[in-house]
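Undergrad: I'd like to ask some things about the structure below.
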Amino acid sequence: MSYTVAQNTSFLTVASIAQKIVSFVYFTLIARLIGVGNTGSYFFAITFTTIFTVVADMGLGPILTREAARYPENTAKYFNTVIWSKIFFGITTYLMVVIFSNMLGYSISLRHLIYLSAVTMFFDNIQGAFFSVFRAKRNLIYESFGVVIAQVLTLIIGTTALYLRAPLIWLIAAYTIPSAVIVLYAAFFLNRNYNIRLRFIFDRGLFKILFKMALPFALAGIIGRLYSYSDTIIMSKLLTSEDMGWWSVPYKITFAFQFIPVALSASVYPAMSSLSVTDPGKVGELFIKAWKYLFVIVFPISFGLIAIAEPVIIRLYGKAFLPSVPVMQILLISLIFSYLSIISGALLNATGQQKIQTLILAVALSCNILLNVFLIPAYGIIGAAAAALSSNILLWTAGFYFVRRSTVVYSRQLFKNGFHVLLLAFGMALMVYFLTQKTSFLVTIPIGALVYVSLLFVTGVLSRDLVKSMINKIIIKKIT
């Protein structure tokens, strides 16, 4: 069975919203109960191993999705070759994590957190192979349920550890245990639905072919992870654990909203891959629709949260986290360019231009590292936020340039639509800002959302027919 792009986007978006809500509550509890310094250590341990995740995958995940979508009759053979490769790369990557954490001279207690977080990385990498097949089949409902199940288990284990005042390492174990459970869950449903199971089969010839195709993805993934987290590594050597704690809050808040373009990308990527072979002209149409969807979502999130950043930080985390406010505001502007560049990257990868996407990421990474080296010593975490904004603008600009070179995109009308939505979101944010001076942000957020949606309808950005069409695409029967 398979689903439409709209249905898959909705499944993963709803699941990600639930997951991010639970994750947000969990992180807020952690930050309030263990203090700024311990929050910084906890955040860094997870971030450090996250950098290595893409090495464990080596780009095989997106290749498995793309090739299984194109040649479904070979799915089982692709899957078994890929998963045994990922197991090997996962073990190798774990050893790399251990070696590098020792080389960088982190404390014993921090290294123990990193070691357990690396086990989580291993299981996440394995479950990724199972979900890559589901994505190829355009069936994201099981991944969506898996996301929610894992986060609920994390919340249960983690809050129990906080209640019992257990050692910090149990907050990491709260991710490791659910990750292992989801591997079993994904394996069960993949076998039940598509009769694909893990077998001791490894096709060396196929591996060479897939690995050669995956190398640009792997390199792009490694560069992408370094791009996202190199600032954290630099800060860990130049700043204090308190600085890391102040950085972690705005980073977590803005990162929580990344599920929207990621969920959309997960849906449009296999569709773009298929269309690039069967009907290349429609790839640009799908790209434009994706960006228009993101305009409507990201502008109110960015401007609205900028308007209420200070009361949100103080109310949720306490005055000890007040230095996080300007960082959060800068990162929220950066969020706009991050959203749009994710879809540009998906199009380039789906149409066989992964080398260009890798080059773009490499240039953005170089820019990001240089800016961090100069700005962090002088301006601390605000400098890191400014570096992130600058490099995300570069990533967005370069990505769109190459998209236009390879795909028909009517950019004038696209940006006119985007500017229109931006003005509506900015007006809503101003209203929310002034209302928040007189009442709680808990009251102004729903008012702002209602006003924004009303403006979308009044100005014609949204219409009844459009909403009805979107709902029908989501709830109408599956494609079999």
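Undergrad: List the aspartates and glutamates whose alpha-carbon lies under 20 Å from that of K438, not counting same-chain residues fewer than 8 positions away?
TA: Output for K438: E310.
Undergrad: Which FRET efficiency value, to the nearest 0.05, is calculated for L430 and R404 with the Förster distance at 35 angstrom and r the Cβ-Cβ distance?
TA: That pair, L430 with R404, gives E of 0.60.
Undergrad: Over the residues of segment 391-432, compute the C-alpha Rg and express it relative to 2.2 N^0.38 Å. Don't jump to the answer; show the numbers that get you there.
TA: Working: Rg = 13.6 Å, N = 42, 2.2 N^0.38 = 9.1 Å.
Expressed relative to 2.2 N^0.38 Å, the Cα Rg reads 1.50.
Undergrad: With the Cα gyration tensor of segment 325-413 in hand, convert its eigenvalues to equivalent ellipsoid semi-axes via √(5λ) and list them largest first in whole Å.
TA: Semi-axes from the Cα gyration tensor: 27, 15, 9 Å.
Undergrad: Can I ask one more? Quick one: work out Rg over Rh on the C-alpha atoms of segment 25-165, Rh as Kirkwood radius.
TA: Here Rg/Rh amounts to 1.04.
Undergrad: According to a simple spin-label model (label point 7 Å from Cα along Cα-to-Cβ), what is the distance in nm between S366 and Q437?
TA: Spacing of the two 7 Å Cα→Cβ label points: 4.7 nm.
Undergrad: Using the Kirkwood radius built from alpha carbon pairs, what does the Stokes-Einstein equation give as D for segment 152-249 at 37 °C and 0.692 mPa s, in µm² per second?
TA: 184
Undergrad: Hey, another quick one. Kirkwood Rh, the chain, all Cα pairs: how many Å?
TA: Final number for the Kirkwood radius of the chain is 23.2 Å.
Undergrad: Over 28 Å between Cα atoms: which of K208/K289; K86/K137; K137/K289; K137/K282 fall into that group? Walk me through the numbers on the way to the answer.
TA: Values: K208/K289 36 Å; K86/K137 20 Å; K137/K289 22 Å; K137/K282 20 Å.
With Cα atoms farther than 28 Å apart: K208/K289.
Undergrad: Related question: Take each complete run of DSSP H in the chain, measure how far its Cα atoms stretch along the helix's own axis, and keep only those covering 27 Å or more with mean Kyte-Doolittle hydropathy at least 1.6; list them. Could you put the intermediate results ahead of the total?
TA: Details: long enough: 5-57 (43 Å, 1.13); 75-103 (40 Å, 0.97); 108-136 (42 Å, 0.93); 141-163 (33 Å, 1.53); 169-194 (38 Å, 1.27); 204-238 (46 Å, 0.86); 259-278 (29 Å, 1.28); 281-307 (41 Å, 1.33); 324-350 (38 Å, 1.77); 354-379 (36 Å, 1.45); 381-406 (38 Å, 1.03); 411-436 (36 Å, 1.06).
Answer set is 324-350.
Undergrad: Efficiency by 1/(1 + (r/R0)^6): what FRET value for A378 and R412, r their Cβ-Cβ distance, R0 = 41 Å, to the nearest 0.05?
TA: 0.55
Undergrad: With label points built 7 Å along Cα→Cβ from the Cα atoms of L462 and H420, find their separation and express it in nm.
TA: Calculated label separation equals 1.5 nm.
Undergrad: Along the Cα→Cβ direction, 7 angstrom out, place labels at K282 and L198. What is the inter-label distance in nm?
TA: 3.7
Undergrad: If you place +1 on the Cβ of every Lys and Arg, -1 on the Cβ of every Asp and Glu, and leave all else neutral, what size is the dipole of the chain about its Cα centre, to the nearest 20 Debye?
TA: Taking the Cα centre of the chain as origin, the dipole is about 980 debye.
Undergrad: A follow-up question, please. Which of the listed residues, Y175, N349, Q258, is farthest toward the dipole's positive end in segment 5-475, when Lys, Arg count +1 and Asp, Glu count -1 at the beta-carbon?
TA: N349
Undergrad: So how do 139-147, 280-288 stack up, highest first, on mean other-Cβ count within 10 Å?
TA: Final packing ranking: 139-147, 280-288.
Undergrad: Can you tell me which of 425-437, 159-171 comes out highest on packing, and rank the rest after it, using the mean Cβ neighbours within 10 Å?
TA: Peptide ranking by packing, descending: 425-437, 159-171.
No lab work stands behind these numbers, since they all come straight from the coordinates. Computed from a prediction, not measured in an experiment: that's the story for all the values here. Don't worry about glycine lacking a Cβ; one is built from the backbone with ideal geometry, like all the others, and counts go over all protein chains shown.
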